[in-house]
Amino acid sequence: MRKFILFIYLFSAHLIWAQEDTITQGFQLLETGKFEEAETFFKSYLESNPDNKTAKLCYGRAVGLSGEPKLANTIFKGLLDEYPGDFEIQINYNESFLWDREFVAAKPLYKKLVAENPDNFGAVLGYANTLSNLKEYPQALEMVNRAIAIQPENGSAKVSRKFIKLGYANTFVNNQEYKKGIAYLNEIFTDFPEDKDALLNLANIYLIIKETANAKAIYARLATNEKDSITALNGIALAEHIGENDKEALRIAGQAKEKVASIDDEALKETTYDRYVQALIWNNKYKDAKEEIALLEQQYPDRNWIAALKATRGMYTADFKTSLSNYDMILSRDSTSFDGNLGKANALFASDRIIPAYNAAFQTLKIFDKQKDALGFIEKLNLKFTPSVEEHIAYTFDNGNNEAFSSTTNFHVPINTKLITTLNYQYRTTDNSVTMHEASSHVLMAGIEYKLMPKTNLKASLGINSSNFTEDSYTQPVFDIKLQTQPFRLQSLDVGYKREVQSFNAELIEREIVMNHYGLNYNMGTNFKLGWYTQLMHTRQTDDNIRNLLFTSLYYNVFKKPAFKVGVNFQYITFQDQLPTIYFSPETYQAFELFGDLRGNFSEKTTYMISAASGLQKVEDDAQTVIFRAEVGVKHQFNTRWSAEVYGKYSNIASATAAGFEFTEIGLKVKWLFLKEPFYFKKLKKNNE
């Protein structure tokens, strides 16, 4: 009998040990991430052991982690019904909501579980991860710190804290609280010294705030191995571009391209090739960029970054149709693409399609809440169409003993993006200290500017000129109508008619000379920095004189930032009648000059401009004389609604003639956006909510 009992005991023990040994295989599959194999294992195991609670739990985890979270949730719910209040089942049930990204549903479950089990590491960490996914970062950080206090050396909790701080830092960045974002990223290094994700995010912040030296220093810290060195070079190339050093950006991008050729990492290769072509575009090497894109497209077909490169090249070369079609292609593949949405907004704006550009920017914000570039883009459009008033005060004197003071007030009131109204009032008083002539004029004009179609505007103004002088006064109607077009890429053509009263000095005001100008302006740009501007004007005056004017300028854009261009100007003027004692009116006048124009920034809010030209002029058969003219100005943007500019200019063109002029002008311009936003903006914003 004893032998029989011993046999039964040993046999039973053997069966138990065999079962435990068998289920251990399933545990190992779960622990090593082989979830589909684990699912198959536990499903088979439960066929012979249908009441094993542990196996059921493991089966639910395997099902959920292999991609069927809803089925796992159902399994755990059934187990909770079978074993109410069981902690292990409850925590797995809660976790299944996280697998299914049902964070809102998971939050109250974890909150209750933590309240009941405040010292349970798994419950507290699960709650922290839930809050993190809901972007409730302060509470998530509090919870993850509690979890680490329970298990100070737990690696999973520290990883969770890292990603919570990454998310929290990003929230501060979106709110433009960059210092706080930087502080949280630096805290990550306590748990993970020189963490790659933290370094990349830090570098990105420094790029956003244009602290490119700091960004390059962070990228240098990242470069600890061959692959990360290439990533660092790509980042430094972008930093050089933001720092307005595009030649260096191209050199560094070229280095990265050479290094990545020997690396077996397709994702890194694509990123590096992308940056290299961008650098070609930044350096105006559009032909090289086009050839590189064609080669890359054969190697990497149907890639969004290839389409983005085509679109970027289109933006730089004013081929906006190509840009739009490529941004649309990106969005057809990925409607949430940042490059696609905001890129399309910029391309629509460049195509003069303002409302669609607004809509694309709002769509970007729906996906990327508070994104700085999208907000800045909308603000740029708003500033363009916000009602404003500008005051321009000027003092002028010339070598003919004439002095003049003028004040011009201009109201610019856009009704919508197609219709803009204007109201302009100018007061000018002038006197001559030798002849003792004095005169003043008041000009009041009201106008509209209407967009007939994208890149085609009609501007029309109508008003009166009331002039007063020593013994008399008169009133004359004045007009200004102009059709502004951009018929082809990088080209503009304006044609117009203007009726104005001559008001340069008191004597001319007294003579009531009305000028009827018929003009044409044409400008042609190129993608190789060369440009050509031409103005033709035919003027008929009420004193029966006729003037014809040709001005043409060939220029070259040397730099983009600061904007510096040089060129040659040629001017040719003829008058039908010569009245040299009254006003400058030679039979022929020619001038040839070299010029330079420099525009840049003293600081983020203060800009400057310097323009100068010198050459030779010839009046009829007189000997050639040297001419010189110059203008300098400084403008300061006090805030988004207030700006002021001071300027001075001098010219001695035609000073050799008896009644020619050499004049100097000093002026002040102040602009105020007297409303906070355009009239239409509230309705547009509401339509995009």
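The values are calculated or read from the model by the stated rules, or taken from the named source; none is laboratory data. Source: prediction; values computed, not measured. Heads up, the Cβs are rebuilt from the backbone with ideal geometry, glycines too, and the neighbour counts pull from every protein chain shown. For the accessible areas, the whole protein counts, side chains as well, though only heavy atoms, and no ligand, DNA or RNA atoms are used. Shrake-Rupley method; radii C 1.70, N 1.55, O 1.52, S 1.80 Å.
Candidates in the stretch 590-626 are the residues that are open to solvent by 70 Å² or more (accessible area, probe 1.4 Å) and of a type in the set (Phe, Trp, Tyr); of these, the one that is nearest to the chain's Cα centre (by Cα) is Phe602. Residues of the stretch 600-646 being among the hydroxyl-bearing types (Ser, Thr, Tyr) and touching a residue at least 24 places away in the same chain (Cβ under 8 Å), which ones? Across the stretch 600-646, the qualifying residues are Thr606, Thr607, Tyr608, Thr625, Thr640, Ser643.
Determine whether Ser229 is modelled with pLDDT under 95 and in a helix (DSSP H, G or I).
Against the criterion (modelled with pLDDT under 95 and in a helix (DSSP H, G or I)), Ser229 does not qualify.
The residue that is farthest from Phe679 (Cα to Cα), among those in the stretch 395-436 that are outside any strand (DSSP E or B) and of a type in the set (Ser, Thr, Tyr), is Thr435.
Reported count of residues in the stretch 627-638, each being open to solvent by 70 Å² or more (accessible area, probe 1.4 Å) and either β-branched (Val, Ile, Thr) or part of a loop (DSSP other than H, G, I, E, B) (or both), is 2.
Does any residue of the stretch 350-359 turn out to be free of Cβ contacts under 8 Å to residues at least 24 places away in the same chain, closer than 25 Å to Tyr680 by Cα and in contact with a Leu (Cβ under 6 Å, 6 or more places away or on another chain)? Yes, the conditions are met somewhere in the stretch 350-359.
The residue list Phe411, Phe397, Phe368 contains one member that is surrounded by fewer than 18 Cβ atoms within 10 Å (Cβ to Cβ), over 30 Å from Glu662 (Cβ atoms) and at pLDDT below 95, which is Phe368. Is it the case that the stretch 177-188 has a residue that's within 23 Å of the chain's Cα centre (by Cα), in contact (Cβ under 8 Å) with a residue 24 or more places away in the chain and open to solvent by 20 Å² or more (accessible area, probe 1.4 Å)? The answer is yes, given that some residue of the stretch 177-188 is within 23 Å of the chain's Cα centre (by Cα), in contact (Cβ under 8 Å) with a residue 24 or more places away in the chain and open to solvent by 20 Å² or more (accessible area, probe 1.4 Å). Among the candidates Ser406, Ser335, the residue that is open to solvent by less than 20 Å² (accessible area, probe 1.4 Å) and of a type in the set (Gly, Ala, Ser) is uniquely Ser406.
Go through the residues of the stretch 478-487 one by one and say whether even a single one is out of contact with any Leu (no Cβ under 6 Å at 6 or more places or on another chain) and closer than 28 Å to Thr322 by Cβ. Scanning the stretch 478-487 turns up at least one residue that is out of contact with any Leu (no Cβ under 6 Å at 6 or more places or on another chain) and closer than 28 Å to Thr322 by Cβ.
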